[in-house]
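Visitor: Got a structure for you, written out below as structure tokens; questions coming shortly.
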Amino acid sequence: MAKAISLSKEFFKDTTYGVMLEEYYFKADEYRKKYTPAGHYGYVCEDLLCMEKSNGYAIRREIIYRVAMYCYALGIFNI
């Protein structure tokens, strides 16, 4: 699973997807005391990426899909 995540991080490097992946998923602990989970999501979408939250949901879905496809390719789980 860690390999699938690292492959996804490399795939999305230097894109808005990469920013969402890093800031929303991997740096969430840094913001736990400052924001609620919904507030942190709003911060990432509106302040860092300058987009609406609905577009952020689409980006999150694509990130999860990419990780799942790498997991499938690596044989971690089967369909």
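The values are calculated or read from the model by the stated rules, or taken from the named source; none is laboratory data. Since we're looking at a predicted model, the values are computed, not measured. Please note: Cβ atoms are built from the backbone with ideal geometry, for glycine as well, and neighbour counts cover all protein chains shown. Remember, those area values only see protein heavy atoms, side chains included, never the ligands or the DNA or RNA. Shrake-Rupley method; radii C 1.70, N 1.55, O 1.52, S 1.80 Å.
Visitor: How much accessible area per residue does the chain have, in Å², with a 1.4 Å probe?
Guide: Solvent-accessible surface per residue comes out at 69 Å².
Visitor: If you split all Cα-Cα distances of the chain into 10 Å bins from zero, what percentages do you get per bin, shortest first?
Guide: 19, 47, 28, 7
Visitor: Given the whole protein assembly as supplied and a 1.4 Å probe, what does the accessible area of Leu74 come to in Å², nearest 10?
Guide: The accessible area of Leu74 comes to roughly 80 Å².
Visitor: Taking Cα centroids, how far is the stretch 1-17 from the stretch 38-78 in Å?
Guide: Distance between centres, Cα-based: 11 Å.
Visitor: Please report the carbon-and-sulfur percent of the accessible area for the chain; probe 1.4 Å, protein heavy atoms only, DNA, RNA and ligands left out.
Guide: 55
Visitor: Got a sec? What order do Met20, Met51 fall in by accessible area at 1.4 Å, biggest, i.e. largest, first?
Guide: Ranking Met20, Met51 by accessible area, largest first, yields Met51, Met20.
Visitor: Turning to a different aspect of this structure: What net charge do the residues around Tyr25 carry, taking every other residue with its C-beta under 14 Å from that of Tyr25, with Lys and Arg at +1 and Asp and Glu at -1?
Guide: Once positives and negatives cancel, what remains is +1.
Visitor: Counting only trypsin sites (Lys or Arg not before Pro) that are in a DSSP loop and have at most 10 other C-beta atoms within 10 Å, tell me the longest site-free stretch of the chain.
Guide: 35-79
Visitor: Where nothing but the Cβ of Lys and Arg (+1) and of Asp and Glu (-1) is charged, how large is the charge dipole of the chain around its Cα centre, in debye to the nearest 20?
Guide: I would put it at about 260 debye.
Visitor: Once fully extended, how much extra length lies between Leu48 and Ile64, figured as 0.36 nm per residue of separation less the alpha-carbon to alpha-carbon distance?
Guide: Result: 3.8 nm gained on full extension.
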